[in-house]
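The values are calculated or read from the model by the stated rules, or taken from the named source; none is laboratory data. Fair warning: this is a prediction, and the values are worked out from it, not measured in the lab. Note that we place each Cβ from the backbone using ideal geometry, even for glycine, and neighbour counts take in every protein chain shown. The area values use the complete protein model at the heavy-atom level, side chains included, leaving out ligands, DNA and RNA. Shrake-Rupley method; radii C 1.70, N 1.55, O 1.52, S 1.80 Å.
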Amino acid sequence: MKKNKAPSSRRAEIQHLYQSYVCGQTTLPACALLRFLHKEQMELTATEEAAESLIDRYEIEETARESRSMTFEGFLRYMESKDCCVFNQAYTSVYQDMDQPLTSYFISSSHNTYLTGDQLVGKSRLDAYVCALRKGCRCLEIDCWDGPDMEPVVYHGYTLTTKILFKDVISTVGQHAFEVSAYPVILSLENHCSQEQQEVMAQYLISILGDKLLRAPLDHQTNGDFPSPNDLKYKILIKNKKLKIRTEDAAGTEAEESVDEGEDEDEDEEDEDLQTKAKFWSPRKAGPKAKVKALSDLVIYTRSVKFISFSHSRDNQNHYENTSMAEKKAHKLAKASGADFVQHNQRFLIRIYPAAYRMSSSNYNPQEFWNVGSQLVALNFQSLGLAMDLNDGRFQDNGGCGYVLKPAVLMSSQRSFDPACSQHSRKPTHLLLKVISGSNLPVPRSGKALDPFVRVEIHGIASDSQRKNTHTVKGNSLSPYWDTDMNFKISVPELCLIRFCVREQTGFLSSDFVGQYTLPFTSLKKGYRWVPLRSRDGCSLDPASLFVWCS
């Protein structure tokens, strides 16, 4: 462990920067500020007008403003503003092409959305849907079961989780669906209801959601077969199984084609070993239920079908059909057939969901499935930790609208991409990072100052994933100083997330979480930047932050 010997606060480091550009003058003129923007902040397109705009925004001393210059206090305000945040502020609004088919996007997705705890005795609550939607989630799960008095209920079947009414869930979704994003919401129904209560479900969907519910294919859409997020703005889609088209038999009598009655979820659990199945039998698999036309008719572009193989999907699956897959099967396919998985996800929507044995509602690492282009990588939003940090980081991009355009490497039809392959014919990107200092780190209830260090993690394809630590500073929560250089070599940066995690050293090999911040590599601003720290539940820890330099 090291004690601080260098600048006692971030203010001292910024003072040093300021003095190096003032060059003996009393204030920083606009031309010197512009030089700073070009050389240190790597904002090569900045103009003198841009520098003067910063003076107008952050300088409060009238004499300095009139002379088009900046005092140290104005410079400090600028350096601690959103203009100097490590996350590119141009990406806090929707900036990506939203006219591609839905299959071309990562879509923020929730599993067991109704739960606020584990899937055995956790509480089902309407505000879990509100929280997910306010975090930009665009695919919600609703587990539907027969309830008393012909009122379908939502809960985790055959468990002690509490129950909420289906109609209340739909009302809540209808009320909050488009608060933070105008782009479509997908309701993934796990339908275990009788025919009579499925009729009730259909009536509620129609009467409560009204014009928000997509009830027919669009007359005009941007791209061929599958609509885009722009085409489906302010629309709610139903993802469920659908009755097949009626056909005539040999005698000329109309007959309903048979349909696989297995539910989306758990149908892929055959790859779990017998011991796991015996110990963690998933209660969600109910007996066959006939599908009801009224509900089936509401399934337009998101019809659920069973996944058999990539070749079967290529030859038989329609563009409006999607599949669901448990994490274990998805992991095996990503490892063995990564390139095929990527190509499959160029054409079809797929939903990955946590394994049945995750009774505590823990999460898998979603990065593995984003690496193969899976759109609906569903997580338990109520379970805090690394997986949700990565999800929050991924989807703060593109204005937090819940849709992030997949990078070109996952969408190319000419070149096959396999994330499991460690050799990629690309020139690696070098990220040079200096973790300089921290500021106002949260102090535990004991009141004792922290012994903090910073861990910087790269999450991407397997060969890019790595992490490095600073040394530990002893007993300093207010202004720890690390001044640690890190060098990362990254082959597929457009898939990477960077996670800054502050931890407290509690023992020789043990440490505790203090705060973190995760963002896409492509959203990283170069130069001297501050990193706003977040708590375990994703809330701001302002004014806690890090001060870093990136190149």
Between Ser309 and Lys332, 0.36 nm times their residue separation minus their Cα-Cα distance comes to what?
-> 7.0 nm
Considering only DSSP beta bridges where both residues belong to the range 81-191, give the percentage that are antiparallel (nearest 5).
-> 40
Loop-resident sites, the range 480-549, for chymotrypsin sites (Phe, Trp or Tyr not before Pro), counting at most 14 other Cβ within 10 Å (DSSP) = Phe508
Rounded to 5, the percent of DSSP beta bridges in the chain classed as antiparallel | 70
Give, in nm to one decimal, the length gained when the segment between Ser53 and Ser412 is fully stretched (0.36 nm per residue of separation minus the Cα-Cα distance).
-> 125.1 nm
Contact order relative to length for the chain, counting C-alpha pairs under 8 Å separated by 6 or more residues, stands in percent at 16
Tell me, what is the percent relative contact order of the range 420-517, built from C-alpha pairs under 8 Å that lie six or more residues apart?
-> 34
Stretch Asp537-Cys421 to full length: gain in nm at 0.36 nm per residue minus the Cα-Cα span?
-> 38.3 nm
Accessible surface of the chain, 1.4 Å probe, proportion on carbon and sulfur as whole % = 51
Give me the Debye-computed log₁₀ of I(q)/I(0) at q = 0.06, 0.07, 0.10 Å⁻¹ for the chain, equal point scatterers on Cα only, no solvent, two decimals.
-> -0.35, -0.47, -0.89
Expressed per residue, the solvent accessible area of the chain in Å² (1.4 Å probe) is about 43
If contacts are Cα pairs under 8 angstrom and at least 6 residues apart, what is the relative contact order of the range 53-172 in percent?
-> 18
Within the range 354-422, which trypsin sites (Lys or Arg not before Pro) sit in a loop by DSSP and count at most 12 neighbouring Cβ atoms inside 10 Å?
-> Arg415
